[in-house]
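Structure first, then comments.
Quick note: the coordinates plus some simple rules give every number you see, no bench work behind them. No experiment lies behind these values; they were computed from the predicted model shown. Every residue, glycine as well, gets a Cβ built from its backbone with ideal geometry; the counts of neighbours run over all protein chains shown.
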Amino acid sequence: MIGDGWDGEPSLRPGEFEDSPSGARRRVMVVTGTRAEFGLLKPVMEAVRQRPELDLLVVAAGAHLIPPAESFREVKAAFAVADCVPMQKPSDTTRLDDAEALGRGVARFARSIAGLRPHWVVVLGDRIEAFAAACAASVGGVGVAHLHGGDRAEGVADEAMRHAITKLAHLHLAATEQSADRIRRMGERAEFVHVVGSPAIDGLDRIAPMSDAETGELCGSVPEAVFLMHPIGRHAEEEEAAASDVLAALEGMRVAAFDPNHDPGRGGVVRAIEAAASRGAVRRVGHLPRERFIGLLKRVAASGGVLVGNSSAGLIEAAALRLPAVDAGPRQGGRERPPNVISCEGESALAVRRAVERARGLDRSALTHPYGDGRAGERTAALLASTDPGSAMLLRKRCTY
């Protein structure tokens, strides 16, 4: 097990992890690589931990370990962390750097799997951390369970990686029926494709809106717009120009601008936020734990605000919260669009400004979403407990067409 610090090396050697006292419990390794995806996986981790026939093994990887933030400490505050798998380096920010990080990740995950000996490896989405873990587990003969497979979203290389993970995975835990149908049409066995809903919806009703006092301390006042825009793999200068245009569309509004994720081009988005903050046009917010972030979105929704950018939060969590969202640019291209979303193909200030006006005019009382009833974690844990991870039919992949 890792201690309070992390020295840059994985802590396990093959066979070091002891069997649970019962000897019969299934060990479930849940892999988290980013702060945002950890928020989605928490309900799954909690549901696995609550089932007596399962042992939870949390592995923090990739972007969690990049200084100075080192968000793996947030993971450790909520769960015992069985291992850490370093991948990216702080100074390496290109797509080829990510390719090298992916290679390191596959090797390190293989070592971690050898030490922890899980029966299941659970991954979510399409990032390189999930891809590395799925590669190591699938090639190593360990069952892979994949959440949010079958979705479409262009991202940086998301469309390719998400569907590649689907072909590596054995148990498919789709967020919507449309995504499940896409998985089946990719040739996956129907009996191993399940619609569980999105874990992003789990527990939303238990989170209170952020108070005016807390909102004021964080943002100065209740924002009229939340800006959350991630890079899509362009040069940093292009990312800066695109983010600057979107921020310009929000001129005159009270804006809380969140830092982007650690994908290539991040530095350009950060510079655009810093420039806007230096002019007093926005209030920069580095990162919030998921509960506070959802609380802020609820408060913004209650005051008639809007979420602007290209995050999946605009199409999933915001949809469940009946918060209008403007999706700018191609990052979420192809993803299901609930009626809270106004799409904007380009990122020009004029196009985004018009989309914001349309979003703020939506009838919020009629907004719905396709992402389930908030029991995705519970359903996922039940399937991990009831599906035999050693079944030859499960592990021997065969395309159905």
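If you count the DSSP beta bridges with both ends in the chain, what percent of them are antiparallel, to the nearest 5?
The antiparallel fraction comes to roughly 0 percent.
Which of Met253, Met229 comes first, and how do the rest follow, when ranked by fewest Cβ neighbours within 10 Å?
Fewest to most other Cβ atoms nearby, the residues stand as Met253, Met229.
Calculate how steeply helix 128-139 sits against the longest principal axis of the alpha-carbon atoms of the chain, using the helix alpha-carbon long axis, and give the answer as 0 to 90 degrees to the nearest 10.
20 degrees
Place +1 on the Cβ of every Lys and Arg and -1 on the Cβ of every Asp and Glu in region 205-366, take the dipole about the Cα centre, and give the residue among Val246, Gly280, Ser343 whose Cα lies farthest towards its positive end.
Comparing the listed Cα positions along the dipole, Ser343 ranks first.
Would you please give the residues with an amide H less than 5 Å from that of Gly143, counting only those at least 5 places away or on a separate chain, with H modeled from the backbone geometry?
When sequence neighbours closer than 5 places are left aside, the close amide H contacts are Val121.
Taking θ as phi - 60°, what are the ³J(HN,Hα) couplings along region 140-150 by the Karplus curve (6.51, -1.76, 1.60), each to the nearest whole Hz, with x for Gly and Pro?
Along region 140-150, the couplings run x, x, 10, x, 10, 10, 10, 8, 6, x, x Hz.
Please work out the FRET efficiency for the pair Asp363 and Arg185, using the Cβ-Cβ distance as r and a Förster radius of 25 Å; give the result to the nearest 0.05.
The formula returns an efficiency of 0.15 here.
If each of Arg398 and Ser221 carries a label point 7 Å out from its Cα toward its Cβ, how far apart are those two points in nm?
6.6 nm
Check cross-link reach from Lys298 to the lysines: straight Cα distance under 25 Å, and skip same-chain residues fewer than eight apart.
Within the straight-line cut-off, Lys298 pairs with Lys42.
Nearest 10 degrees is fine. How inclined is helix 158-168 to the longest principal axis of the chain, computing both from alpha carbons?
20 degrees
Between Ala241 and Ala382, what is 0.36 nm times their sequence separation minus the Cα-Cα distance? Round to one decimal in nm.
Full-extension gain reported as 46.1 nm.
How large is the helix-only mean residue ellipticity at 222 nm for the chain, computed as the sum of -39500 (n - 2.57) over DSSP H runs with n ≥ 4, divided by its residue count, in deg cm²/dmol to the nearest 500?
After summing the helix terms and dividing by the residues of the chain, the value is -12000 deg cm²/dmol.
Please rank His148, His170, fewest neighbouring Cβ atoms within 10 Å first, as an exposure proxy.
If I rank by nearby Cβ atoms, fewest first, I get His170, His148.
List the lysines whose Cα sits under 17 Å from the Cα of Lys397, skipping any in the same chain fewer than 8 residues away.
Lys397 reaches Lys167.
Output the 0 to 90 degree angle, nearest 10, between the alpha-carbon long axis of helix 349-360 and the longest principal axis computed from the alpha carbons of the chain.
So the inclination is approximately 80 degrees.
Assigning unit charges at the beta carbon (Lys, Arg +1; Asp, Glu -1) and nothing else, what dipole magnitude in debye, to the nearest 20, does the chain show about its Cα centre?
720 debye
Please order Cys84, Cys135 by the number of other Cβ within 10 Å, starting at the fewest.
Placing the least packed residue first, the sequence is Cys135, Cys84.
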